[in-house]
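Asks: To start, I am sharing the structure in question, which I have written as structure tokens.
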């Protein structure tokens, strides 16, 4: 039998420490198992949020993770390909209060094995560096250009004015690593802040709650105030999740959105995780609606050589293809973007058409 709890209904809330204990139990013991890489992912995300927001659970709340912690050295030796997950979980457990010092041993082993040097991307190298530096090792000390390359990537806002979720998530994670998850000023340049605005504008047009929440957290870690519209939307949606408890609960759900919405609430000092599983298996779902992003893109593509990069020229035509709700979202996105005119000039992808027309006219 399953119980469905609507988180937006008035309920008698348990103390935060008990809610956190129920969350840890649910993700450690009820949804997946320790040999599943998705178990590692879910638990690494939850513990990271608790650690970076100062949401310290009671000592007893971490008991479901003791078995994992006791075997983590063996796990690292057998599953070195998951070393970043294993390091993240272990370091967070210790920093949240679980007794032990396996984290230092794991960091030393991973550093001595050169695991960070085996990474293909700078993003993964930055994550490995951030994790190992927590126990005094810098696996990328010889790579003096890592930060320069990361900053070069995020300092090109035009990249983030085009739909590319992978690039947008990489942008937020670079800010997380450079800021040590809000513990220091990442020193972002103006183009990087514009990049966050552009990425957030696209995410809002797409009604991508998960990405909007991450971008708001990244802006806060960069010392910026995110648009009130974005944060208020995330806060409202955070209370709209349905939580299904019991053996029928499915794990292919919206748990990550649930995590990130509550991460943002905690980051801005609001009450978070207002309802949590009652020490059982749980599924997290929410109703969602598509934003106007696809309709805008399809309209622009369909216009072919008639599309223009000038928002003042194209604005009426863009609103004309949307329903009332889409128009509202577009107006909100326009009002909350840093320099929407320039954002649209990139998003429209009309520059090469205009250049071709000029060449044809001259030729």
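Asks: Residues that are free of Cβ contacts under 8 Å to residues at least 24 places away in the same chain, part of a helix (DSSP H, G or I) and more than 30 Å from residue 290 (Cα to Cα): does the stretch 178-196 have at least one?
Replies: yes
Asks: Tally the residues that are modelled with pLDDT of 95 or more and either within 26 Å of the chain's Cα centre (by Cα) or under 19 Å from residue 258 (Cβ atoms) (or both), restricting the search to the stretch 56-68.
Replies: Total satisfying the criteria: 5.
Asks: Still on this structure: Across the stretch 107-128, what is the number of residues that are assigned to a helix (DSSP H, G or I), within 26 Å of residue 169 (Cβ to Cβ) and either modelled with pLDDT under 95 or more than 19 Å from the chain's Cα centre (by Cα) (or both)?
Replies: Qualifying residue count, the stretch 107-128: 5.
Asks: Mind checking which residues of the stretch 328-350 are surrounded by fewer than 17 Cβ atoms within 10 Å (Cβ to Cβ), farther than 22 Å from residue 302 by Cα and touching a residue at least 60 places away in the same chain (Cβ under 8 Å)?
Replies: 335, 339
Asks: A further question on this structure: Inspect all residues belonging to the stretch 137-154 and state whether any of them is more than 21 Å from residue 46 (Cβ to Cβ), part of a loop (DSSP other than H, G, I, E, B) and touching a residue at least 60 places away in the same chain (Cβ under 8 Å).
Replies: Within the stretch 137-154, none of the residues are more than 21 Å from residue 46 (Cβ to Cβ), part of a loop (DSSP other than H, G, I, E, B) and touching a residue at least 60 places away in the same chain (Cβ under 8 Å).
Asks: Here's a follow-up. Among the residues of the stretch 1-49, what is the count of those that are modelled with pLDDT of 95 or more and not assigned by TED's automatic domain parsing to the domain that holds residue 63?
Replies: 0
The values are calculated or read from the model by the stated rules, or taken from the named source; none is laboratory data. Just so we're clear, the structure is a prediction, and the values are computed from it rather than from any experiment. Here Cβ is always computed from backbone atoms with ideal geometry, including for glycine, and neighbour counts include all displayed protein chains.
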